[in-house]
Amino acid sequence: MTTEFTRISAAMSGEDLESIERAATVIRNGGLVVFPTETVYGLGADATQRAAAERIYAAKGRPADNPLIIHIAAPEDVERYAVTSPLYYRLAEAFMPGPLTVVLPVRDTIPRTVTAGLPTVAVRCPSHPVAAALIRAAGVPIAAPSANLSGSPSPTNAAHVRDDMDGRVDMILDGGSSVIGLESTIVKPEEDGTLTLLRPGAVTPEDLAALGIEVRLAGAVMHALRPGETVLSPGMKYKHYAPRTPFYLWDGDSAKALSYLKDREEKAAVLCYEEDLALFLTVPSLTPISVGSREALGGFASRLFALLRECDKGPYTAIYAPLPPPHGLGLALYNRMIRAAAHQIITL
Ligand code: AMP
Ligand code: MG
């Protein structure tokens, strides 16, 4: 199919609104539209049409047992599609619109293809003005996973989307770079009033705990799934976010990483903190690339997936990066990076 590319600005001029209307018509007619959100780009279809949702799985090459998140314009819009609770509205009050997805019991208005047969549906209300306008104009919830081919790093700009999705979707809305750069936090409210954290994101466990809610991390957040372990979020099973170039993480300080890498004499890209750039520049075989300051991990989060894609286009035989501290936003980075690196961690 031919894919229409349209630049769109958050300012929502007359032309932007026309593009939104065209995209909304594509969605209502069962087509696929890629749109920007504050987390990563989403590959959207009408969540109430089974055939439309099936097209998402086909376009991504996504396994049929990995469910989709539905995107709504306002927290209360979920009532038609899922069963809410006071805890849902406490979360909505604090974090919606924004990068938080909540897993709720599903109603039969949502086809099983969207939930991959689970009795629950994941719901998010994005804050990006283009995403919000598209959902409103479509008048239906939009099912949307990240707009990458299954397994590769999530797209954080329209060029990434074009690399993966040209010819596979009806329309791509180019709204510039994603501000957050990592997918949403996913939580599941439990009957006892606690939350299970299924996937960490920009809404951190510390942010959730600050509401006075007890948060437990699902096992697969910080390690590979163990044999026989039940998977609470099917996406955690799969190889994910991975560049084609072999990717390794080091666990230890940068001086030790330097002596390890110096001896290997590989033509490697080294994703490092700004503070360590000069250190890695002393080794000619290495190409250090700054991920921003270690004191402000937001820069690392917004650049991680773009850097992995860039490194794949460079002449490198390997990519190395430090294992981030597993708390705050660092936990989301940690979770994506151990998967992107297929759990290859060098303990120094
Ligand atoms: P993506 O849209 O690519 O960020 O992937 C969506 C993630 O949401 C996947 O990891 C899914 O496993 C997870 N997910 C979607 N629906 C559910 C659900 N009902 N229960 C648990 N996890 C879900
Ligand atoms: Mg994804």
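Only the coordinates and a few stated rules stand behind these numbers; no lab work does. Just so you know, these numbers come straight off a predicted model, no measurement behind them. Note: ideal-geometry Cβ built from the backbone for every residue, glycine included; neighbour counts use all protein chains shown.
Listing for the model above:
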{"item": "Two-decimal ratio, the range 1-158, of alpha-carbon radius of gyration to 2.2 N^0.38 Å", "result": "0.97"}
{"item": "Net charge of Cβ neighbours under 9 Å - reference Y316; Lys, Arg +1; Asp, Glu -1", "result": "-1"}
{"item": "Per-residue HN-Hα couplings for the range 182-189 [Karplus 6.51, -1.76, 1.60; θ = phi - 60°; Hz; x = Gly/Pro]", "result": "10, 5, 4, 5, 10, 10, 10, x"}
{"item": "Exposure proxy order (Cβ contacts within 10 Å, fewest to most) of T196, T39, T185", "result": "T196, T185, T39"}
{"item": "Choice from I56, I135, I213 with maximal GNM fluctuation in the chain (Cα, 10 Å cutoff)", "result": "I213"}
{"item": "Cα-centre dipole for the range 118-257 with unit charges at Cβ (Lys and Arg positive, Asp and Glu negative), debye to 20", "result": "340 debye"}
{"item": "Residue order, fewest to most surrounding Cβ atoms within 10 angstrom, among R309, R124, R90", "result": "R90, R309, R124"}
{"item": "Shape metrics for the range 1-85, restricted to C-alpha atoms - Rg then Dmax, Å", "result": "14.1, 43"}
{"item": "Residue with peak Gaussian network fluctuation, the chain [Cα springs, cutoff 10 Å], from I289, I172, I72", "result": "I289"}
{"item": "Fraction of antiparallel bridges per DSSP, the range 168-320 only, in percent to nearest 5", "result": "25 percent"}
{"item": "Residues whose placed amide H lies under 5 Å from that of V34, excluding near-sequence neighbours", "result": "G44, M171, I172, L173"}
{"item": "Selected from G201, G298, G117 as most flexible by GNM, with the chain as the system and alpha-carbon contacts under 10 Å", "result": "G117"}
{"item": "Note, ³J(HN,Hα) from phi for the range 171-180, Karplus 6.51, -1.76, 1.60, rounded to Hz, x at Gly and Pro", "result": "8, 10, 9, 8, x, x, 7, 5, 6, 7"}
{"item": "Diffusion coefficient, µm² s⁻¹, Stokes-Einstein with Kirkwood Rh over alpha-carbon pairs of the chain at 37 °C and 0.692 mPa s", "result": "159 µm²/s"}
{"item": "On Cα atoms only, tilt of 254-264 relative to the major axis of the chain in degrees", "result": "70 degrees"}
{"item": "Helix 86-95 vs. the chain, principal-axis angle (Cα, 0 to 90°, nearest 10)", "result": "60 degrees"}
{"item": "For the range 123-131, Karplus couplings with θ = phi - 60° (6.51, -1.76, 1.60), whole Hz, Gly/Pro x", "result": "10, 9, 10, x, 8, 4, x, 5, 4"}
{"item": "Fewest-first ranking of S259, S177, using other Cβ atoms within 10 Å as the exposure measure", "result": "S259, S177"}
{"item": "Other-chain or far-sequence residues with amide H under 5 Å of S293's (modelled H)", "result": "E274"}
{"item": "Net charge, G175 excluded, C-beta distance under 12 Å - Lys, Arg +1, Asp, Glu -1", "result": "-2"}
{"item": "The chain: antiparallel DSSP beta bridges as a percent of all, rounded to 5", "result": "40 percent"}
{"item": "For the chain, calculated [θ]222 nm from helices alone, where every DSSP H run of n ≥ 4 adds -39500 (n - 2.57)", "result": "-9000 deg cm²/dmol"}
{"item": "Semi-axis lengths (Å, descending) of the ellipsoid that matches the C-alpha gyration tensor of the range 214-348", "result": "26, 16, 14"}
{"item": "Rh by Kirkwood over Cα pairs, then Stokes-Einstein D for the range 43-103 at 1.567 mPa s and 4 °C, µm²/s", "result": "99 µm²/s"}
{"item": "Percent RCO, i.e. relative contact order, over the chain, from Cα pairs under 8 Å lying at least 6 residues apart", "result": "19 percent"}
{"item": "Inverse mean reciprocal Cα-Cα distance (Kirkwood Rh) of the range 241-286, Å", "result": "11.4 Å"}
{"item": "For Y320, distant residues with modelled amide H under 5 Å away", "result": "Y248, A269, V270, L271"}
